[in-house]
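The values are calculated or read from the model by the stated rules, or taken from the named source; none is laboratory data. Here the structure is a predicted model, which is why all the values come from computation and not from measurement. Ideal geometry is used to build each Cβ from the backbone, glycine not excepted, and the neighbour counts take in all protein chains shown. These accessible areas exclude ligands, DNA and RNA; they are computed on the full protein's heavy atoms, side chains included. Shrake-Rupley method; radii C 1.70, N 1.55, O 1.52, S 1.80 Å.
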Amino acid sequence: MIRIARPDDAAAVHDIYTPSILHGVETFETDLPGADAMRERIVSRLRQYPWLAWEEEGRVLAYAYASRFRERAAYDWIAETSIYVHADARRRGIARRLYGVLLDVMQLQGINQAVGVITLPGESSVAMHDAMGFTPAGVWRSCGYKLGQWWDVGVWQRQLQEPENPPRPVVPFAELRETPDWVELLRRANG
């Protein structure tokens, strides 16, 4: 089941995220934030952007969210996306389904562009973004140092809809989740 993440998902989210902090380069975060910090991240992000969870039999196996790309108001119509899947749930199509719903929600909000930032080589992330219609937009060379080496970071971009001129304000997720469009999107996603 795909649903909106809840504050009480914080421990499960933290557990999914921990291997990427301690042993991976999917994130450049190096210190474990703890469940309380994850709870605050979920609560604060849900005001403006979607944070979705994949749940099976009461267990959160994956989560995906959007976040602000840059601080300037001119960037309001572009958002960065992230997804993390529990090791037990990989290679089952969960990431693509969850990411697809995330992109659909962003489009409903009025966000025009999605950006995925991938530590390279990141073969599985690159393949998923390519399959989801993202295109390479550039590489930041040797920009992150973690696990004893420098890493390149690739940027993938996907246009979600044609930009309007002038653009309408992006609908905060906290408002969108109360609309029939969101209810219908979630119903279709969970078939």
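Candidates in the stretch 19-70 are the residues that are buried (at least 18 other Cβ atoms within 10 Å of the Cβ) and among the small types (Gly, Ala, Ser); of these, the one that is farthest from Arg90 (Cα to Cα) is Ala66. Take the residues of the stretch 135-181 that are aromatic (Phe, Trp, Tyr) and surrounded by 15 or more Cβ atoms within 10 Å (Cβ to Cβ): which is farthest from Val101 (Cα to Cα)? My answer is Trp151. For the stretch 1-18, the set of residues classified as in a loop (DSSP other than H, G, I, E, B) and open to solvent by 30 Å² or more (accessible area, probe 1.4 Å) consists of Met1, Arg6, listed by residue number. Need the failing condition index for Ala89 against (1) at pLDDT below 95; (2) more than 13 Å from the chain's Cα centre (by Cα); (3) open to solvent by 30 Å² or more (accessible area, probe 1.4 Å), just the number. Here Ala89 meets the rest and fails (3).
Looking at Thr135, Thr119, which one is at pLDDT 95 or above, of a type in the set (S, T, N, Q) and closer than 29 Å to Asp31 by Cα? First the steps, then the outcome.
Working: Thr135 fails: closer than 29 Å to Asp31 by Cα.
Residue meeting the stated conditions: Thr119.
Residue pairs whose Cβ atoms lie under 9 Å apart, separated by 6 or more positions or on different chains, with the first residue in the stretch 16-32 and more than 19 Å from Val126 (Cα to Cα) and the second open to solvent by 70 Å² or more (accessible area, probe 1.4 Å) and among the β-branched types (Val, Ile, Thr), are Ile21/Thr30; Leu22/Thr30.
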